[in-house]
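Visitor: My questions will all concern the structure given below.
The values are calculated or read from the model by the stated rules, or taken from the named source; none is laboratory data. This is a predicted model, so every value here is computed, not measured. With ideal geometry, Cβ positions are generated from the backbone for all residues, glycine too; neighbour counts draw on all protein chains shown.
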Amino acid sequence: MEAIGTLITNEVFDQMVQASSDRLKMNADFINSLNVFPVPDGDTGTNMSLSLESGAKYENDDASLEVGHLAASLAKGLLMGARGNSGVILSQIFRGFAKSVEGKATLNAEDLAEAVAEGAKTAYKAVMKPTEGTILTVVREAAKAGNEAIKTTDSLAEVMEAIDSAAQTALKKTTDLLPVLKEVGVVDSGGQGLVFVFDAFNDVLNGNDITEYKHEPDATEVNEMVDAKHHQSVQGKINPEDIEFGYCTQMMVRIGKGLQVTKEFDYDTFYNYLAKMGDSLLVINDDEVVKVHVHTEHPGEVLAWGQQFGDITKIKVDNMRWQQEEIMEQDETPTASSASKEAAPETAVIAISSGAGISKLFTSLGVTHIISGGQTMNPSTADIVAMINDSGAKKAIVLPNNKNIFLAAEQAVEVADIPTKIIHSRTISQGMAAMLEFNPDVDLEENAEAMESNLNTVKSGQVTIAVRDTKLDGREIHQDDYMGLIDGKIVNTNPKLMDATVEMVKLMLEEDSEIVTIIYGQDATSEMAEQLQNAILDIDDDLEVEIHEGDQPVYPFLVSVE
């Protein structure tokens, strides 16, 4: 590839945006590994990746030939999809960037430098108490380098190289600027995320290979990276009662919309009231919406304040003291590897799971061992036997969570070294329902009976795509249509994923239904899950709807109704 010429065109800008979104997505876990701040406020890499993914979609859907218009779409998408502090600040950087290039069809080197500088200014203004050693430091130093570079060159490639290089240097310095980072020996996670964005920009403008997205730490970095003990030494020392403002509260207000509007929106009035209610305040807006992130003791008052200016949506309230208690409990709990060496469980509970999020849910319910597998990747009898025998337990319970795995599990039971029972869970939802009855203090037979009896307390819905045309049970099914399955039976089809899922849920609901759980997979997004949640509440607003990220393949949505 050759370096870009003297102008960033609409096509080049699109390449920059998409490459940066891909790079954040590929490196989200690496960024998350750096997230060692004492107040658990979301995973930085995940938040930044999903935020920029939203912005990149808006930009990609914009057919404009002007970079200024595309930048505005990017900023809008980031605003709508911004998650957590890091995502919100990233949205503000590109809000300032878009403001700087407004009305410009193409960008030259000076335009680029000025846009990054305006992005830094906007981000600083959005934060109530800017902290050095964070993403703010990185963007400020990058902007400073860009402004210096245009004094000596008009080369886009050279100016972007200077911006990226300065960002990397500033990132390394964050370790010394914040005590919590210095103690653990890592760089700021949000700053690292921004560096990945600038790295991608730089690769596009300099004609570098942009296909190798994933960052692999070298030996020096690995030695400096935080491990489990480092996490414990930082977060484990924080007393939950020392957190002054305990509720991380987020909302989006549609300005002027709704029945409760009593005030005309004014940024300073809106901001100053919230500034008195807590800290970590971020307030960002455009002509249509205002997005809020604040740590407070009174989340209800924050929501009530927002409702006076418009209807509120995308509400998220996290109890950070409770989150911190969980972190401390995890610090005191041996890791899976150390547990196997020190104290194996009396009863190993083995679940077949596809998707990291689903595995985490099972673990939180008491599952001790996970075998990766499921639809299209059924584990073998040998896989199950090996997990049972290597568990170190005196007895075992297996949750197949798929009827296609029953036979392999039954064969494993016959040859396993320890007494083992199968719970005939046909779906992930049934497996989770069974775990609600698991009691480590009762014998194997009693557990198996109780868990088996709980399987039918939940309805399981799955949505997947048809891979070919067929006719089944008198129903015409077309390739690429979405199919809704309730407890394994196809009950509806629709060309549109969301319509198919809503139709399926309607068929699952009964008068006494109380809880609906949505688990979204690799082919869905959190935004889509929230859209589904809203559609379900439109059907019955008395339902309690929970959303979890499952990361499962094949099924964009798994839905259970209790």
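Visitor: Looking only at the stretch 481-497, count every residue that is modelled with pLDDT of 85 or more and not in a strand (DSSP E or B) and tell me the total. Before you say what the answer is, go through the steps one by one.
Guide: Applying the first criterion (modelled with pLDDT of 85 or more) to the stretch 481-497 yields 481-487, 489-497.
Pick out the ones that are also not in a strand (DSSP E or B) and you get 481, 487, 495-497.
Residues flagged as modelled with pLDDT of 85 or more and not in a strand (DSSP E or B) within the stretch 481-497 amount to 5.
Visitor: For the subset of the stretch 186-209 comprising residues that are buried (at least 19 other Cβ atoms within 10 Å of the Cβ) and assigned to a loop (DSSP other than H, G, I, E, B), which member is modelled with the highest pLDDT?
Guide: From the stretch 186-209, those buried (at least 19 other Cβ atoms within 10 Å of the Cβ) are 186-205; that's our starting set.
Then drop every residue that is not assigned to a loop (DSSP other than H, G, I, E, B), which leaves 186-188.
Numbers: 186: 75, 187: 83, 188: 86.
Filtering the stretch 186-209 for residues that are buried (at least 19 other Cβ atoms within 10 Å of the Cβ) and assigned to a loop (DSSP other than H, G, I, E, B), the one modelled with the highest pLDDT comes out as 188.
Visitor: Here is a further query. Among the small types (Gly, Ala, Ser) and touching a residue at least 24 places away in the same chain (Cβ under 8 Å) - does that describe any residue in the stretch 469-487?
Guide: No, the stretch 469-487 has no match at all.
Visitor: So, one more: Out of all the residues in the stretch 63-93, which are of a type in the set (D, E, K, R) and assigned to a loop (DSSP other than H, G, I, E, B)?
Guide: Once the filter is applied, which keeps residues that are of a type in the set (D, E, K, R) and assigned to a loop (DSSP other than H, G, I, E, B), the stretch 63-93 yields 66, 83.
Visitor: Among the numbered criteria (1) of a type in the set (Gly, Ala, Ser); (2) buried (at least 22 other Cβ atoms within 10 Å of the Cβ); (3) closer than 25 Å to residue 553 by Cα; (4) modelled with pLDDT of 85 or more, which single criterion is violated by residue 357?
Guide: Result: residue 357 passes all but (2).
Visitor: Being among the β-branched types (Val, Ile, Thr), farther than 29 Å from residue 502 by Cα and exposed (fewer than 14 other Cβ atoms within 10 Å of the Cβ) is the requirement here; does residue 398 meet it?
Guide: Answer is no for this residue.
Visitor: Quick check on my filter: what residues within the stretch 284-319 are in contact with a helix residue (DSSP H, G or I) (Cβ under 8 Å, 6 or more places away or on another chain) and farther than 18 Å from residue 257 by Cα?
Guide: Listed by number, the residues that qualify are 293, 294, 295, 296, 317.
Visitor: Is there any pair linking a residue in the stretch 39-52 that is assigned by TED's automatic domain parsing to the domain that holds residue 134 and more than 21 Å from residue 75 (Cβ to Cβ) to one that is at pLDDT 80 or above and acidic (Asp, Glu), with Cβ under 6 Å and at least six apart or on different chains, and which?
Guide: Every condition considered, no pair remains.
Visitor: May I pose another question? Which of (1) touching a helix residue (DSSP H, G or I) at 6+ places or on another chain (Cβ under 8 Å); (2) outside any loop (DSSP other than H, G, I, E, B) is the odd one out, the single condition residue 500 does not satisfy?
Guide: Only one criterion in (1) touching a helix residue (DSSP H, G or I) at 6+ places or on another chain (Cβ under 8 Å); (2) outside any loop (DSSP other than H, G, I, E, B) is unmet by residue 500, namely (1).
Visitor: Are any of the residues in the stretch 53-67 within 24 Å of residue 531 (Cβ to Cβ), touching a residue at least 60 places away in the same chain (Cβ under 8 Å), in contact with a Gly (Cβ under 8 Å, 6 or more places away or on another chain) and buried (at least 23 other Cβ atoms within 10 Å of the Cβ)?
Guide: Looking through the stretch 53-67, at least one residue is within 24 Å of residue 531 (Cβ to Cβ), touching a residue at least 60 places away in the same chain (Cβ under 8 Å), in contact with a Gly (Cβ under 8 Å, 6 or more places away or on another chain) and buried (at least 23 other Cβ atoms within 10 Å of the Cβ).
Visitor: So, one more: Could you tell me which residue of the stretch 42-59 is modelled with the highest pLDDT, considering only residues that are of a type outside the set (Val, Ile, Thr) and under 10 Å from residue 83 (Cα atoms)?
Guide: The residue in question is 52.
Visitor: A further question follows. For residues in the stretch 261-287 being at pLDDT 85 or above, in a loop (DSSP other than H, G, I, E, B) and not β-branched (Val, Ile, Thr), which is surrounded by the fewest Cβ atoms within 10 Å (Cβ to Cβ)?
Guide: Filtering the stretch 261-287 for residues that are at pLDDT 85 or above, in a loop (DSSP other than H, G, I, E, B) and not β-branched (Val, Ile, Thr), the one surrounded by the fewest Cβ atoms within 10 Å (Cβ to Cβ) comes out as 276.
Visitor: If I go through the stretch 502-523 residue by residue, how many of them are closer than 20 Å to residue 402 by Cβ and not aliphatic (A, V, I, L, M)?
Guide: Residues flagged as closer than 20 Å to residue 402 by Cβ and not aliphatic (A, V, I, L, M) within the stretch 502-523 amount to 5.
Visitor: Tell me whether the stretch 139-154 contains one or more residues that are touching a residue at least 40 places away in the same chain (Cβ under 8 Å), of a type in the set (Ser, Thr, Tyr), more than 14 Å from residue 190 (Cβ to Cβ) and surrounded by fewer than 20 Cβ atoms within 10 Å (Cβ to Cβ).
Guide: yes
Visitor: Kindly list, by first and then second residue, each pair from a residue in the stretch 265-285 that is farther than 16 Å from residue 295 by Cα to a residue that is surrounded by fewer than 18 Cβ atoms within 10 Å (Cβ to Cβ), limited to pairs with Cβ atoms under 8 Å and residues at least 6 apart or on different chains.
Guide: 265/256; 269/263; 285/265; 285/267
Visitor: A follow-up question, please. Within the stretch 1-29, can you find the residues that are under 30 Å from residue 317 (Cβ atoms), buried (at least 19 other Cβ atoms within 10 Å of the Cβ) and modelled with pLDDT under 85?
Guide: none
Visitor: While we're on this one: Keeping to the stretch 148-159, report how many residues are of a type in the set (A, V, I, L, M), under 12 Å from residue 114 (Cα atoms) and assigned to a helix (DSSP H, G or I).
Guide: The number of residues fulfilling the criteria is 2.
Visitor: Scan the stretch 410-441 residue by residue and report those that are within 17 Å of residue 388 (Cα to Cα) and either crowded, with 24+ Cβ neighbours inside 10 Å or assigned by TED's automatic domain parsing to the domain that holds residue 517 (or both).
Guide: If the condition is that a residue be within 17 Å of residue 388 (Cα to Cα) and either crowded, with 24+ Cβ neighbours inside 10 Å or assigned by TED's automatic domain parsing to the domain that holds residue 517 (or both), then 412, 420, 423 are the ones that fit.
Visitor: Exactly one condition in (1) assigned to a helix (DSSP H, G or I); (2) at pLDDT 90 or above is not met by residue 351; state its number.
Guide: Exception for residue 351: condition (1).
Visitor: If you check 88, 127, which single one turns out to be out of contact with any helix residue (DSSP H, G or I) (no Cβ under 6 Å at 6 or more places or on another chain), crowded, with 24+ Cβ neighbours inside 10 Å and modelled with pLDDT under 90?
Guide: 88
Visitor: Assigned to a helix (DSSP H, G or I), modelled with pLDDT under 95 and aromatic (Phe, Trp, Tyr), is that true of residue 213?
Guide: In short, no.
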